[in-house]
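The values are calculated or read from the model by the stated rules, or taken from the named source; none is laboratory data. Model, not experiment: these values are computed from the prediction. No Cβ is skipped: glycine too gets one built from the backbone with ideal geometry, and neighbour counts run over all protein chains shown. Accessible surface areas use protein heavy atoms only, side chains included; no ligands, DNA or RNA. Shrake-Rupley method; radii C 1.70, N 1.55, O 1.52, S 1.80 Å.
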Amino acid sequence: QVQLVESGGGLVQAGDSLTLSCAASKRTFSMYGVGWFRQAPGKEREFVATISWSAGRTYYADSVKGRFTISRDNTKNTVYLQMNSLKPEDTAVYYCASKGPTGNYFSWGNYLTWGQGTQVTVSS
C-alpha cells in the first residue's frame, strides 16, 4: 500500500508563501489522482486542490484559486502544493491523499490513503 508523507508546513505571516510536499513511498501514487485537503480546528476537512494522475488535470477550491498551485514530479513520486499570498484563514492541518477509483475529486471520502498531515499557521 502506498504511504504518503507530507512536509513543508510552518508558521508564516500573511502574504508569505509556502510549498508543501507529499512524497509517496514504495511505489507510485494512485493512478486516479492525488489531492490536498485541510482541516482547521473545529471545522470539517475541506478540499483544497487535486491533480489527476493520468491527464494532469488540476482542480481547486474557490477559496484558493489563483493563489495555490498543485503540481507533480513523476520521477520523485511527489506532489507539491505551492501556496502564495497566504491568509490567516488558510491556517489548518494540510493532508495529502491518494484517490480511489470511484467518486468525484472533491470529496475526502473518495480518497483511500492519507498522510499524517502538516501544520500551516498564518499569522496576521
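Some values worked out for this structure:
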read-out: Share of carbon and sulfur in the accessible heavy-atom surface of the chain [1.4 Å probe, %]; value: 49 percent
read-out: Whole-number accessible area per residue in Å² for the chain, which is evaluated in the context of all protein chains at 1.4 Å; value: 51 Å²
read-out: Reachable aspartates and glutamates from residue 87, criterion Cα separation under 17 angstrom, eight or more residues apart if same chain; value: 16, 46, 62
read-out: Percent of beta bridges antiparallel (DSSP, the chain, rounded to nearest 5); value: 90 percent
read-out: Whichever aspartates and glutamates have a C-alpha closer than 15 Å to that of residue 43, once near sequence neighbours (fewer than 8 apart) are set aside; value: 89, 90
read-out: Low-density loop positions, trypsin sites (Lys or Arg not before Pro), segment 1-86 - DSSP coil, at most 15 other Cβ in 10 Å; value: 26, 27, 43, 57, 65, 67
